[in-house]
There are 2 protein chains.
Amino acid sequence: MTNFTGSNFIAGEPSQLGATTFTSVNPRNKQAGSVAFHNATTEEIHAAVTAAADAFEQSRNFSAARLADFLDTAAAEIIALGDELLQTADMETGLGLPRLTGERGRTIGQLQGFAKLLREGTYVEAIIDTALPDRQPAPRPDIRRMRFAIGPVAVFSASNFPFAFAAAGGDTASAWAAGNPVVVKGHPGHPATSELFALAINRAITATGFPAGWFSLLQGATVEVGQLLVQHPLLQAVGFTGSLRGGRAIYDTAAQRPHPIPVYAEMGSINPVVILPAAITARAEALAEGLAGSATMGSGQFCTNPGIVFVQDSAETQSFIQNYRDKMAARPAGVLLNEQIESGLEHAVAATQARPAIHTLTGGYVVDGDSFAYANTVLQTKGTDFIADPALQTEHFGPVTLFVVCSSSDELVTALQSLHGNLTATIHAEPADLDTAQAYVDVLREKVGRLLWNGFPTGVEVVHAQMHGGPYPATTASSTTSVGYTAIQRFMRPVAFQNTPDALLPDALKNTNPLNIWRIVNEVKTKDAIS
Amino acid sequence: MTNFTGSNFIAGEPSQLGATTFTSVNPRNKQAGSVAFHNATTEEIHAAVTAAADAFEQSRNFSAARLADFLDTAAAEIIALGDELLQTADMETGLGLPRLTGERGRTIGQLQGFAKLLREGTYVEAIIDTALPDRQPAPRPDIRRMRFAIGPVAVFSASNFPFAFAAAGGDTASAWAAGNPVVVKGHPGHPATSELFALAINRAITATGFPAGWFSLLQGATVEVGQLLVQHPLLQAVGFTGSLRGGRAIYDTAAQRPHPIPVYAEMGSINPVVILPAAITARAEALAEGLAGSATMGSGQFCTNPGIVFVQDSAETQSFIQNYRDKMAARPAGVLLNEQIESGLEHAVAATQARPAIHTLTGGYVVDGDSFAYANTVLQTKGTDFIADPALQTEHFGPVTLFVVCSSSDELVTALQSLHGNLTATIHAEPADLDTAQAYVDVLREKVGRLLWNGFPTGVEVVHAQMHGGPYPATTASSTTSVGYTAIQRFMRPVAFQNTPDALLPDALKNTNPLNIWRIVNEVKTKDAIS
């Protein structure tokens, strides 16, 4: 078993210069762990980003194949951590071994998926417009463009996905795949898990001969560590998954830099679900069961948790809501990640309950006991009240469902139009609803990154077509995704070469197309060489 | 001839609610024009953005073909403005008819080029991963993603390109092509030119049946008009071309909104040129002549003006600089756009001259006379002094060249490493220099959006491979371009559809591929239908 040091890991080396420490807390019994983790100091933050910049001097010219080898090796080293990784994360998060096993598979899978993307090679988006020497009134030059890595990237781990959105999660994988060194700010909820990842990643770095500064881990339970990291002049971009408040603070800090940098923050989302009348008629029981499963998955601590459900009023609808309420009340309260999540949820639900015209059907309280826990909660309001009160769009990060009961389909459309940005929206309908559904699709398309049909939003498939993003406040960068393979574009930047000799061009742009990638040459997609 | 009204144009209608007005000034004789242009009021700004949002309710579902028809019609209506457009712009900017004729051609060409891109259709970037119902442990859903328009866009016109970076310039063309209504903040230097564009665009809107709010023109000589526009809650993005100070102010305003929006600001650039020894040996005269032509083009008022030239010290280099100085001194001072540019240039050069170790070889003064003008100016410093003083990277917006004379190629590389972000960099070399040149390419690639070989940076080809951007302070969004056809990506946002019935999918994502576009289906580029 690993002897945890409680260190930061700066370019491969453990470092604990700081005087202040913190411990993780087992959410199942609220007991603090035995290892003191050292908050990163200003010097350590500086050392990590500087080492990343030094590493970039080498890695910026690494081939895609070499980057792919690193990603595969990192995946293998994470697997080699074995059950200790699962057990450590379970102790720190209470998420349970089945869920964590699945999340590990996804985390490994996306590292390997990016490796595959790199080996195919087209991701650099080579576009070539060759010279037209005889064009009048002036010749057209040869211009060739592709994407390159940008330099050191900071990644802020999330609490709720200690593998998939953490030290070697999606943001790190995509930043690495793009060719960038990464400095991870570990989440203070799972510092031992982060340390295990750092050990595995550093083994992969050694094994593949990558520069030591390709990865650093900063531990920190204070706001200052993150703020100082984002302010570092050598940093080029930030990936973040977490709360609206935390994401916005980092966005603001980055925007106020002398040299602003992009912040790809994935923040709050209430993930509206629309259930059309025919769907309730056809499959009320399955819907209630599926929705309750999705709403309580991971104790409701998913950024894609279905937090708000729009229905049209009817006896059938009332019965559906009652059935759902009963199911939620009957399900045991899950373990929450930590005390901050529990108290945050308590305050958020209380604030919603204090709004006019909100009815609590079940739950609405912290569950006393050994664990951090909050009762599965169902709230209800009317369409008109929802439309009138933007505060009802506040995220409740936990197992909470708010039903918005509309008196007509027109009122329901108006309620959807009033929505702020979200990661997802879902429509449940039957073939008979198709004509009606078009209006909902049309409205919801403006509000989200992903629109689901007859499904549940928890579970985000890691594929090329995925779009895990959406308008503010879901993210600060709605034209990009944090899940799926186009995420690599966040951490690359195009450069065009004009009339540059073939010998000086990167391989992706050379006449012979030595990488055999798809390119757009004079407006035609081709793998052909340029003669 | 047009009877100029001095109005704003809000959704097709002239409007002059404001009490304060401004006039344009002919830079050739410093005489104010006779038409009083009304600064847009808060109500007019609100009306323009609201009309744009209303227009978007219709236009968001317009086909690419329909958008293309509008762009072609707008191009035709601009041509139909005839010589009056050229003469009006010349009177307001002093840029001269030949240059303005060329710029009109480019402006028309990019509208038509975007129309062609739309008709081809692949620009929506459709990516489809079909379902795997038998996958274990859970089925994979069908996910299909494409890009959509985002909504009302504000475009800030530049002073130095009254056609190509103005009312119907590149930002407007790309925002329209993406499917977005545009509210233009006209530059106060050429309000009559803007009014002509508004008339032409409104005719195109009427002819094609587009909603009136698809375009509005706000006039304004105050900072407030732009600030209020950027703060409007219904605005989704901003395009800007202008000064670093102006662009940063708009970026800051947008970042501080309750709902931040992206600002695509193209700002300052000094466009470094590296001339290797063999190039001077081989073609000193042609280089000096070409560089002087580029540095004085448009009186030096190009964002791609070559403002700084790195050379290695030698007798040949000294002779080259002397020859360049003589050529610059012999060229008549061109007309500057306006008093602000003249005084800004005077202050910027004076500030540089006040730095230690700067030598003025020629120029460095405002030219007295009827016109706004500044003497062609050549300054010189040493590599070590340049490296030590970041203030020497301040842009001089006008016909000013700073030579940085380095004592060795190592010093030259160090000087290049110290550069901030730029739109372009240029290397002049001979075949004998290829090995040396690789190091310069390698350093400069990190600093710019476009790297030229044996050319001059003024003149930005409107092609698919173009990258007119670069790291801050050249732009606020270095992963995007403001020239060329990938600029359309700035104003679109991907949305993914999960398990959505074919009948509810946009055409670009339907099984039959009715638009016959290139799509990536299960990782393969294809135009085939999905069976």
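Side notes on the structure shown:
- Restricting attention to the range A:231-253 and to residues that are of a type in the set (A, V, I, L, M) and assigned to a loop (DSSP other than H, G, I, E, B), the residue that is surrounded by the fewest Cβ atoms within 10 Å (Cβ to Cβ) turns out to be A:Leu234.
- The number of residues in the range A:123-138 being within 39 Å of the chain's Cα centre (by Cα) and more than 10 Å from chain B (Cβ to nearest Cβ) comes to 2.
- Any hit, the range A:95-111, residues being more than 14 Å from chain B (Cβ to nearest Cβ) and at positive phi: yes
- Number of residues in the range A:144-162 that are within 10 Å of chain B (Cβ to nearest Cβ) and in a loop (DSSP other than H, G, I, E, B) equals 2.
- Sub-7 Å Cβ pairs linking a first residue in the range B:512-531 that is of a type in the set (Gly, Ala, Ser) to a second residue that is part of a loop (DSSP other than H, G, I, E, B) and buried (at least 19 other Cβ atoms within 10 Å of the Cβ), at least 6 apart or interchain, are B:Ala529/B:Asn513, ordered by first then second residue.
- Residue match in the range B:488-496 (condition: in contact with a Ser or Thr (Cβ under 7 Å, 6 or more places away or on another chain) and among the charged types (D, E, K, R)): yes
- Contact map, the range A:118-136: residues that are closer than 17 Å to A:Phe62 by Cβ and modelled with pLDDT of 95 or more paired with residues that are surrounded by fewer than 18 Cβ atoms within 10 Å (Cβ to Cβ) and aliphatic (A, V, I, L, M), Cβ distance under 8 Å, separation 6+ or inter-chain. Pairs shown: A:Leu118/A:Ala65; A:Arg119/A:Ala65.
- Unmet criterion (only one of (1) in contact (Cβ under 8 Å) with a residue 24 or more places away in the chain; (2) crowded, with 24+ Cβ neighbours inside 10 Å; (3) at the interface with chain A (Cβ under 8 Å from one of its Cβ atoms)) for B:Ala465: (1)
- Meets criteria (within 10 Å of another protein chain (Cβ to nearest Cβ), free of Cβ contacts under 8 Å to residues at least 24 places away in the same chain and closer than 30 Å to B:Arg445 by Cα) for B:Ala503: no
- Test: residue in the range B:446-456 that is touching a residue at least 12 places away in the same chain (Cβ under 8 Å), more than 8 Å from chain A (Cβ to nearest Cβ), among the β-branched types (Val, Ile, Thr) and not in a strand (DSSP E or B): no
- Taking the numbered list (1) surrounded by fewer than 22 Cβ atoms within 10 Å (Cβ to Cβ); (2) at pLDDT below 95; (3) facing another protein chain (nearest Cβ under 10 Å) in turn, A:Ala437 passes all entries but (1).
- Looking across the range A:13-28, the residues that are buried (at least 19 other Cβ atoms within 10 Å of the Cβ) and in a loop (DSSP other than H, G, I, E, B) come down to A:Gly18, A:Ser24, A:Pro27.
- Lone qualifier among A:Ala198, A:Ala168, A:Ala207, A:Ala192 - being assigned to a loop (DSSP other than H, G, I, E, B), at pLDDT 95 or above and under 18 Å from A:Gly12 (Cα atoms): A:Ala168
- Test set (1) closer than 30 Å to B:Leu228 by Cβ; (2) part of a loop (DSSP other than H, G, I, E, B) - B:Ser174 fails condition number: (2)
- Residues (of a type in the set (Gly, Ala, Ser) and more than 18 Å from A:Thr122 (Cβ to Cβ)) located in the range A:455-495: A:Gly455, A:Gly459, A:Gly469, A:Gly470, A:Ala474, A:Ala477, A:Ser478, A:Ser479, A:Ser482
- Residues (of a type in the set (A, V, I, L, M), more than 10 Å from chain B (Cβ to nearest Cβ) and more than 25 Å from A:Glu395 (Cβ to Cβ)) located in the range A:422-434: A:Ala432
- Residues of the range B:14-42 that turn out to be out of contact with any strand residue (DSSP E or B) (no Cβ under 9 Å at 6 or more places or on another chain) and among the charged types (D, E, K, R), as a count: 1
- Condition check for A:Ile205: crowded, with 24+ Cβ neighbours inside 10 Å and in contact (Cβ under 8 Å) with a residue 12 or more places away in the chain: no
The values are calculated or read from the model by the stated rules, or taken from the named source; none is laboratory data. Here the structure is a predicted model, which is why all the values come from computation and not from measurement. Positions of Cβ are generated from backbone atoms using ideal geometry, with glycine treated the same way; all protein chains shown enter the neighbour counts.
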